[in-house]
Ligand SMILES: Cc1cc2nc3c(=O)[nH]c(=O)nc-3n(C[C@H](O)[C@H](O)[C@H](O)COP(=O)(O)OP(=O)(O)OC[C@H]3O[C@@H](n4cnc5c(N)ncnc54)[C@H](O)[C@@H]3O)c2cc1C
């Protein structure tokens, strides 16, 4: 009850409180912070994908700067020898404002990715940009094949999208979907979303696609683990993914020891606010953590982000 109330109030809470409580989900302000953590996770046997936080960019100049930031990020990751894998949101390249410019910038991003052999994952945003995101993904594959996007089990359309797009060589991250969508577009019932998740995972594996199983839901992880083991040809065409800061380290360790690739999503940057609100909304311990942050300011402010 208190948690639900706090969640509705997150948007009016002072930013320093949000930053403090959400600190565990963010690798840091700069690419160096993210790369340092990536190197540590790589040494521990985890794969990573790095996301330069940003979305809903409305100015062309800013969209160009976002591209530059990604180019610099890829150069620094290459120099540091960490996993060559990035995640990006298309509205960061100005998709909502000017899809033509956004695609031109995306092409340049893919050229840079191709030059250094990076995998590029296009994150999925709310349903107003689903079509455009899938379109960029399909057109992008013709430019640089090592790209993938995300499918959201919550959306009613997703099983059809999966059936249409899945094929050998295609790559999808499968998640529940974080954006609040109306009942006409999205399942609202948690059990229905989980059932849809497993249906879509089966469609993707049947079609020969690569799937990143991105969930912290213990039941879905167990079911997916079983499906991958029993589905002919699925091993090696899958990986598990988790967000930095979600406390499921033991599960991830056990998946890794079993031989699964486990990739941690590492977001960094100054534009942390919208991402942080989304993470706090789904944190079941939100009330405890906000209360803790109010009473233990100094200690939390100095704490580095925790691995998941
Ligand atoms: C690698 C990765 C990439 C993603 N990319 C996208 C994307 O591109 N587009 C998109 O819409 N969504 C994306 N998501 C978010 C996803 O859609 C869900 O919103 C998110 O993963 C929570 O759903 P869940 O599957 O973990 O299940 P839930 O039922 O929400 O959570 C299961 C359990 O995990 C724990 N947990 C979950 N979230 C938190 C948290 N923030 N803090 C603490 N504990 C938590 C809790 O114990 C909870 O009970 C991504 C998720 C991952 C893991």
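The values are calculated or read from the model by the stated rules, or taken from the named source; none is laboratory data. It should be emphasised that the depicted structure is a prediction, and the values quoted were computed from it without experimental measurement. In this analysis, Cβ positions are derived from the backbone assuming ideal geometry, glycine residues included, and neighbour counts consider all displayed protein chains.
Okay, here's what the table says:
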item	result
In segment 231-247, residue nearest to residue 211 (Cα to Cα) [restricted to those that are more than 7 Å from the ligand (Cβ to nearest atom) and in contact (Cβ under 8 Å) with a residue 60 or more places away in the chain]	239
Test: residue in segment 17-35 that is farther than 27 Å from residue 129 by Cβ, in a helix (DSSP H, G or I), within 16 Å of the ligand (Cβ to nearest atom) and within 16 Å of the chain's Cα centre (by Cα)	yes
Residue 305 being surrounded by 13 or more Cβ atoms within 10 Å (Cβ to Cβ), at pLDDT 95 or above and closer than 18 Å to residue 53 by Cα	no
Set 134, 205, 165, 220: member being under 23 Å from residue 52 (Cα atoms) and buried (at least 17 other Cβ atoms within 10 Å of the Cβ)	134
Pair list, Cβ < 6 Å and 6+ apart or interchain, from segment 8-30 residues that are without any contact (Cβ under 8 Å) to a residue 60 or more places away in the chain and within 15 Å of residue 293 (Cα to Cα) to residues that are within 16 Å of the ligand (Cβ to nearest atom) and not in a helix (DSSP H, G or I)	none
